[in-house]
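Sending over a structure as structure tokens; questions will come in a sec.
The values are calculated or read from the model by the stated rules, or taken from the named source; none is laboratory data. Everything quoted here is computed from the prediction, not taken from an experiment. We place every Cβ from the backbone using ideal geometry, glycine too, and count neighbours over all the protein chains shown. Please note that ligands, DNA and RNA were not included when accessible areas were found on the heavy atoms of the full protein model with its side chains. Shrake-Rupley method; radii C 1.70, N 1.55, O 1.52, S 1.80 Å.
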Amino acid sequence: MPISKTQSIIAVTIVNCFAIFFACVYAIPLFFYQEKPVPKAAPVIIAPPPPDPFSEISLHAEAAYVVDTATGKVLFAKNEEAQLPLASVTKVMTALVASSFPPEMAVQVTESDLASGNGGLSLGERWNLKNLLDYTLVVSSNSGASAIAGAAGAVMVNREGDASARNEDVFVRKMNETAKRLGMAQTYYLNPSGLDEDEKLSGAYGSAKDMSILFNHILKTDPLLLESTAYDSLSFKSENGVSHRAVNTNIIARSVPGLIASKTGYTLLANGNLIIVFNAGLMKPIIVAVLDSTQEGRFSDVEKLVNASIQKIGQGK
């Protein structure tokens, strides 16, 4: 049947409507849609690690050792196991062995004690052990170390019942036994002061690493033993009323931040020695050991190692 004109118009209108609908729903949005470019990732820049503050350090010392006692991490080492003369650093072991005796134990200075120099003491002077230990460590008194070893050694001889043994020899034997027990493989003592026996033989030998072992042991077991060595100066009075002003032989005691303990040593054979413990941060004790430096260079050596340690800890290492 032929399509009427009206039907034809209707058909065309319907087709046009579908065309317009398609354009609105699909074509026009496609025309206006523009694909957004994917942004490029920013380049990852890796900062170079900060330089090791110990890398450029130049020391006078033949041997040095720096250890973080909280972690056991070695921050710096130079010939740390070399066996070298200890000089008066010896007195730290003297103090450790003597600390097993009552602090009020009486000690009297004898003529033989003064043979190595009076060390600020006088013949017949009487002290209690604790005060004489502190005084001896601060001023590095050879006569004080000798008097302490003699008094403590006499008690040891009585305990052992060997009247033929010299008091000081028995005490020094205990010093060596203690060093061995602590694992101080390079250390042995010939006298309680560290004074050279003669022009070729030192009064004691040990390594920078061994000294860190000794100081670390004291820090953990009896931290007050070396407390006096952190002061620039102290005043003492012996039992018979003699007053003493003790000036620390560690001339940088005041300038080292957070100083906990220190001990100097110097003889012709040993040259300059200095061991310190200081806090590089909250509960961050660092041991710095310097052996066989110069008489003045030991102090600048330690200052360099202290500053480098602080920087290293600040880097989170």
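Given N residues in the stretch 140-205, what is its alpha carbon radius of gyration divided by 2.2 N^0.38 Å?
Expressed relative to 2.2 N^0.38 Å, the Cα Rg reads 1.14.
Also: Can you pull the three principal axis extents for the Cα set of the chain, in Å, largest first?
For the chain, the Cα extents along the three principal axes come out at 149, 37, 36 Å.
Taking Cα centroids, how far is the stretch 212-265 from the stretch 125-162 in Å?
After rounding, the separation between the Cα centres reads 17 Å.
Check each of the trypsin sites (Lys or Arg not before Pro) in the stretch 70-121 and keep only those in coil by DSSP with at most 16 other C-beta atoms within 10 angstrom; list them in order.
Lys73
Tell me which residues come under 5 Å, amide H to amide H, from Phe76 once H is placed; ignore anything under 5 positions away on its chain.
For Phe76, the qualifying residues are Val66.
What residues have an amide H closer than 5 Å to that of Ala246, excluding those fewer than 5 places away on the same chain, when H is modeled at 1.01 Å from N in the peptide plane?
Leu234, Ser235, Phe236
Which of Pro285, Pro192, Pro50 moves most in a GNM of the chain, Cα contacts under 10 Å?
Of the options given, Pro50 has the highest mean-square fluctuation.
Rounded if a/c is under 1.5, else prolate if a/b beats b/c, else oblate: with a ≥ b ≥ c from the C-alpha gyration tensor eigenvalues square-rooted, which is the stretch 189-317?
Oblate is the answer for the stretch 189-317, as a/c is 1.5 or above yet b/c matches or exceeds a/b.
Hey, another quick one. Just list whichever of Lys91/Lys209; Lys91/Lys180; Lys73/Lys209; Lys73/Lys174 have alpha carbons separated by over 19 Å in the model shown.
Lys73/Lys174
Find the accessible area per residue for the stretch 217-289; the probe is 1.4 Å, ligands and nucleic acids are left out, and the unit is Å². Each step should come with its number before you reach the end.
Working: 3320 Å² over 73 residues.
Each residue of the stretch 217-289 exposes 46 Å² on average to a 1.4 Å probe.
Continuing with this model, one more query. Once you mark the GluC sites (Glu not before Pro) that are in a DSSP loop and have at most 15 other Cβ atoms within 10 Å, what is the longest gap between them in the chain?
In short, 112-196.
Identify which of Val170, Val44, Val157 has the largest mean-square fluctuation in a Gaussian network model of the chain, with springs joining Cα atoms closer than 10 Å.
Checking each option, the largest mean-square fluctuation is seen for Val44.
Setting aside same-chain residues fewer than 8 positions from Lys237, which aspartates and glutamates have a Cα under 17 Å from its Cα?
Correct list for Lys237: Glu104, Glu125, Asp134.
Related question: My understanding is that a pair violates if its Cα-Cα distance is over 23 Å; which of Lys200/Lys304; Lys130/Lys220; Lys263/Lys284; Lys78/Lys304; Lys130/Lys304 do that in this structure?
Lys200/Lys304; Lys130/Lys304
Among Pro48, Pro223, Pro102, whose mean-square fluctuation peaks in a Gaussian network model of the chain (Cα, cutoff 10 Å)?
Pro48
Please state the relative contact order of the chain as a whole percent: Cα pairs under 8 Å, 6+ residues apart?
Values: 594 pairs, mean separation 69.2, N = 317.
Averaging sequence separation for qualifying contacts and normalising by length gives 22 percent for the chain.
Based solely on its DSSP helices, what 222 nm [θ] is calculated for the chain when runs of n ≥ 4 H residues each add -39,500 (n - 2.57) and the sum is averaged over all residues, nearest 500 deg cm²/dmol?
Helix-only estimate at 222 nm: -11000 deg cm²/dmol.
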